[in-house]
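A short worksheet on the structure shown next.
The values are calculated or read from the model by the stated rules, or taken from the named source; none is laboratory data. Just so you know, these numbers come straight off a predicted model, no measurement behind them. Glycine also receives a Cβ, built like all others from the backbone with ideal geometry; neighbour counts cover every protein chain displayed. All accessible areas refer to the heavy atoms of the entire protein, side chains included, with ligands and DNA or RNA removed. Shrake-Rupley method; radii C 1.70, N 1.55, O 1.52, S 1.80 Å.
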Amino acid sequence: MIPIRTATIAALASAVLATTLTGCQFGAAEEDTSPIVIGADLELSGAAAPVGQAYQRALELKVEQLNASGALNGRRIELRIKDNRSDAAESLRNVGEFGNDGGISAVVMGGCNECAVGAVRTINERRVPTIALAASSEVVNPVVDRRYVFQLAPGAGASASVLVDELRRARNRTVAVLHSDDSYGREGLTALRRELDKANIDLQRRIAIGSTVTDLAQPVQQLVSGNPDAVILWTNAEQATIAANTAQQANFDGNLYFDAVAGGELFLGGSGRANARSTLVFTQTMAIDDVIATTPAKAARRQWFQDYTARYGSYHGFSSFAADAVQLIADAELRRSGPTGQVDRDGIRDVLETAQLDGLSGPIRITPDNHSALMPQALTTLVARGGRWRLAG
């Protein structure tokens, strides 16, 4: 016969063991320590390499900061970067490989409009949430056909509105336009014409150029020959810089206006005389030294500017878009309600579609009807002063 005391102890031990096992099996879920893997399809070589390399730097810096911040609940972000060589066909192959990799949660694509539009079908078929840094509205419209595609870049309509407001304020009555011969350039021309008509500003001439053209002497000469009050450069940043210097060499003494996609480096090339007559539509990040850090978001933008500049020696305006893309994906992964420890692309997509963030680029909001994240109020007017961009006024 077992003594009563011994039986009691054995019973208690069994109860404790049962409770412990039950807690392990049915209690709180285990902590998720799986990596958040983000694929990045970027223009690291070819015609668009300078911008693609700026995106890469921004992605790597932002991932490093988030991993060190402790804000990921014990998890880490991993980047898998592929070079699309500024080629849409190569980009499509990259996106297809990312989509087939079940360990990748989401993808960031670079600034190539043709690449993003060309990959839509593959993105939808693989059901991989994708944030494109390309500016054409065709990237995310119609939304019903692009459920997994989101966009983080300045829109043509918002850029045109801000730019023409500044043209009117400065009393420019005649303008000429150099624009890229792609979906974003044509979209920009349409938006500009609409805004110029409302402002009673005469569009004297417009010339379209291919995205890889670098000999701009003839088109710029044609634009300035009519002595317009202003020339609008609606091209990529490299072409805009070449065109601005070419206009100066042609003794153009009017004003130069750059749309948001033409914004790139913080410091300006060319002579001070040309720079002093230049105006850019962009986010405040390019002139963050002029912004008083009165809110946590503004303080974060200033810190990002300083961190990027300290790491890489200068600042590239597009960097904030790439950094915000990483933040959006990380937030969506942490907020999704799917199974722990598994890649849940549909869950990430659903969270992204209602995302709101006061980001490094400015206010960001995505809705089921609008997958273009950057809000128009993020854009402002910058002027060239002292060899760099400053807030207007």
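For segment 242-263, the condition holds for no residue, the condition being that it is on the phi > 0 side of the Ramachandran plot, open to solvent by 70 Å² or more (accessible area, probe 1.4 Å), touching a Gly at 6+ places or on another chain (Cβ under 8 Å) and not small (Gly, Ala, Ser).
Results for (1) at pLDDT below 95; (2) within 15 Å of Arg385 (Cβ to Cβ); (3) of a type in the set (D, E, K, R), shown as yes or no for each residue.
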position	(1), (2), (3)
Phe267	yes, yes, no
Arg277	yes, yes, yes
Thr283	no, no, no
Asp289	yes, yes, yes
Trp304	no, no, no
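Checking Arg93, Arg147 one by one, the residue that is modelled with pLDDT of 95 or more, over 17 Å from the mean Cα position of the chain (by Cα) and part of a loop (DSSP other than H, G, I, E, B) is Arg147 and no other.
Taking the conditions exactly as written (surrounded by 24 or more Cβ atoms within 10 Å (Cβ to Cβ), out of contact with any Ser or Thr (no Cβ under 8 Å at 6 or more places or on another chain) and at pLDDT 95 or above), does Ser69 satisfy them or not? Criteria not met by Ser69. For segment 153-168, give me the residue count where each residue is open to solvent by 10 Å² or more (accessible area, probe 1.4 Å), of a type outside the set (A, V, I, L, M, F, W, C) and modelled with pLDDT of 95 or more. Here the count works out to 5.
Please work out which residue is nearest to Ala237 (Cα to Cα), limiting yourself to segment 174-209 and to residues that are of a type in the set (Lys, Arg) and part of a helix (DSSP H, G or I). Of everything passing the filter in segment 174-209, Arg186 is nearest to Ala237 (Cα to Cα).
For the list (1) farther than 20 Å from Asp165 by Cβ; (2) assigned to a loop (DSSP other than H, G, I, E, B), I need the number of the one condition that Pro228 fails. If we test Pro228 against (1) farther than 20 Å from Asp165 by Cβ; (2) assigned to a loop (DSSP other than H, G, I, E, B), just (1) comes out false. Scan segment 29-51 for residues that are of a type in the set (Gly, Ala, Ser) and outside any loop (DSSP other than H, G, I, E, B) and the total you get is 3.
Take Gly393 and decide whether it is open to solvent by 30 Å² or more (accessible area, probe 1.4 Å) and on the phi > 0 side of the Ramachandran plot. Taking the combined requirement at face value, the residue satisfies it.
Of the residues examined, Ala287 is one that is under 30 Å from Leu192 (Cβ atoms) and open to solvent by less than 10 Å² (accessible area, probe 1.4 Å).
Whether any residue in segment 110-123 is over 24 Å from Gly185 (Cα atoms), open to solvent by less than 10 Å² (accessible area, probe 1.4 Å), in a helix (DSSP H, G or I) and out of contact with any His (no Cβ under 9 Å at 6 or more places or on another chain) is what I want to check.
yes
Selection over segment 336-351 of residues that are under 19 Å from Pro368 (Cβ atoms) and either crowded, with 19+ Cβ neighbours inside 10 Å or modelled with pLDDT of 95 or more (or both) gives a count of 8. Please determine, by comparing only the residues of segment 209-225 that are small (Gly, Ala, Ser) and open to solvent by 40 Å² or more (accessible area, probe 1.4 Å), which one is modelled with the lowest pLDDT. By that ranking, first place goes to Ser211. Cβ separations smaller than 7 Å between residues 6+ apart or across chains give the following pairs from segment 142-165 residues that are farther than 22 Å from Ala325 by Cβ to residues that are part of a helix (DSSP H, G or I) and open to solvent by 20 Å² or more (accessible area, probe 1.4 Å): Ala160/Glu195; Ser161/Glu195; Val164/Glu195. The residue pairs whose first member lies in segment 108-135 and is farther than 17 Å from Ala262 by Cα, whose second member is of a type in the set (Lys, Arg) and not in a strand (DSSP E or B), and whose beta carbons are closer than 6 Å, counting only pairs six or more residues apart or on different chains, are Val120/Arg146; Arg127/Arg345; Val128/Arg345; Pro129/Arg345; Pro129/Arg349. Among the residues of segment 344-361, the ones that are of a type in the set (Val, Ile, Thr), closer than 18 Å to Leu66 by Cβ and either in contact with a Ser or Thr (Cβ under 8 Å, 6 or more places away or on another chain) or in contact (Cβ under 8 Å) with a residue 24 or more places away in the chain (or both) come to 1 in all.
Exactly one residue out of Arg168, Arg146, Arg173 is within 20 Å of Phe282 (Cα to Cα) and of a type outside the set (S, T, N, Q), and it is Arg168.
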